[in-house]
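S.K.: Here's a structure for you.
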Amino acid sequence: MLPNAIALTGLLGLLTAFGPVATDMYVPSMPDIGRSLAASASDVQLTLSSYLIGFAAGQIIYGPLSDRWGRKPVLLAALALFCAASLACALAPTIGILIAARALQALGGSGAIVLPRAIVRDIYAGERAGRELSRIGAVMSFAPILAPLLGAGVQAGFGWRATFVVIVGVGLFATAMVWRAMPETLAHRSGHQSIGAVLHGYGELLTNRAFVAHLAIAALSYAGLFAWISGSPFVLQNSYGLSVLSFGAAFATACVGSLIGAALATALVVRLGLSRTIGLGAVALATGGLAMVVGVLLGAKPVVWLVLSMTIYHTGLMLAMPQAIAGAMTPFPHCAGTASSLIGLVQQLSAASLGAAVGHLVGHTAWPLAGAIATMGCLTLAVWAGSRLARGEGAQGSDGIEIGHAVAPGD
């Protein structure tokens, strides 16, 4: 039995907020973690990169498992791992243990990203899938606005370990909600999946030009976001002198762009279609990145300009990324979990790589941060412009018939 659409959107939004909550809540604490555990900035940044790597590894697992065993049981197992690893983060005595615990935390948390996307594809297709992902994104967008403010407050009052205790509480609440309210949406479970069958499924996806083009758009735009997450704490706090509370406010302000982008996408995608909505987002991504470069070049008010530029980038991200994911998954209802896994894997690997590079290069200048974000925004626009024919072909199924709207639990 399918749930009320509004309730489903809210629950899936809560689950997809796990990534921002587990990351953005502790971002204001990164300099203090370094001081507390006698770790360098690059070592502390590895707690973010290890999270992204763990997130990527988890994405490989959960999609095929959920195609075989169902969405709900696999999701509950992932949430249990997330809660246990978050507690380990709170108790970590060294930076090395914290890095390892963050990887396990991500391994559990990745299920809360992969499986909601697969659930959406179980119920919706095409523009309606894009609209539902945008609605979920709107709910999720409150997390990166509220999480750094909450994290900054907890950090100021109780220290960084208390931040992870709060994350444990969030995980336990979500687990209880899934246990009580989440139905099973997978109508037809796949048979036994060997490693060969899983690899064949990935091969099917990677030989589809529309899937690859949409995947590139989602991965490039997402990598730019993690360049900001990785570099902004050190640029804004260490280079520009913001306090932890001021940084939390600046970080949250930039995230308002996500709400704007999600609202615009929800209103526009059914009318304009996936491709045009992605195009609007790609233009905003490139504009935000280039504006950041211009601001650093001209020596504009650094904090204000960086935050404003990133707000534009956030807006573009929520216009482009959910629609790109919907476009990638729509032709593959028979392996939605596997498709979601592959999308997440590539996104997290690209984000981890760029985040680690920015964390290593960032110092007393914003150039590595601005350059990385501008590059990702411009590449996203270039891929969108250069792949329009391939993505148009991908709007059709293998038999050449346009994939219609899936049955939904209500509008």
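S.K.: Condition first: of a type outside the set (Val, Ile, Thr) and under 19 Å from the mean Cα position of the chain (by Cα). Now tell me which residues in the range 150-174 satisfy that.
M.R.: Answer for the range 150-174, where residues must be of a type outside the set (Val, Ile, Thr) and under 19 Å from the mean Cα position of the chain (by Cα): GLY151, GLY171, ALA174.
S.K.: Please verify whether the range 61-68 includes one or more residues that are in a helix (DSSP H, G or I) and either among the basic types (Lys, Arg) or farther than 23 Å from LEU345 by Cα (or both).
M.R.: Yes, the range 61-68 contains a residue that is in a helix (DSSP H, G or I) and either among the basic types (Lys, Arg) or farther than 23 Å from LEU345 by Cα (or both).
S.K.: Looking at the range 238-259, which of its residues are under 18 Å from the mean Cα position of the chain (by Cα), hydrophobic (A, V, I, L, M, F, W, C) and within 13 Å of LEU308 (Cα to Cα)?
M.R.: Matches in the range 238-259: PHE251, ALA252, ALA254, CYS255, VAL256.
S.K.: Answer with yes or no whether ALA197 is of a type in the set (Gly, Ala, Ser) and modelled with pLDDT of 85 or more.
M.R.: Here the answer is no, as ALA197 does not meet what is asked.
S.K.: Only one of ALA143, ALA174 is surrounded by 15 or more Cβ atoms within 10 Å (Cβ to Cβ) and at pLDDT 80 or above; which?
M.R.: Only one candidate qualifies: ALA174.
S.K.: While we're here: If you go through the range 14-23 one residue at a time, do you hit one that is modelled with pLDDT under 80, over 21 Å from VAL178 (Cα atoms) and in a helix (DSSP H, G or I)?
M.R.: Scanning the range 14-23, I find at least one residue that is modelled with pLDDT under 80, over 21 Å from VAL178 (Cα atoms) and in a helix (DSSP H, G or I), so the answer is yes.
S.K.: In addition: Specify the residue that is farthest from the chain's Cα centre (by Cα); the eligible residues are those in the range 343-382 that are buried (at least 24 other Cβ atoms within 10 Å of the Cβ) and more than 30 Å from PRO302 (Cβ to Cβ).
M.R.: Applying the filter and picking the extreme gives ILE343.
S.K.: May I pose another question? Scan the range 267-276 for residues that are surrounded by fewer than 21 Cβ atoms within 10 Å (Cβ to Cβ) and out of contact with any Leu (no Cβ under 9 Å at 6 or more places or on another chain) and jot them down.
M.R.: Across the range 267-276, the qualifying residues are ALA267, VAL270, ARG271, GLY273, SER275.
S.K.: Still on this structure, I have one more. Taking the range 50-69 on its own, how many of its residues are among the small types (Gly, Ala, Ser), at pLDDT 80 or above and closer than 24 Å to GLY96 by Cα?
M.R.: 4
S.K.: I've got another one for you. When you scan the range 269-276, do you find a residue that is closer than 23 Å to LEU361 by Cα and among the basic types (Lys, Arg), even just one?
M.R.: no
The values are calculated or read from the model by the stated rules, or taken from the named source; none is laboratory data. A quick note: this is a predicted structure, and the numbers were derived from the prediction, not measured. Cβ: placed from backbone, ideal geometry, glycine included. Neighbour counts: every protein chain shown.
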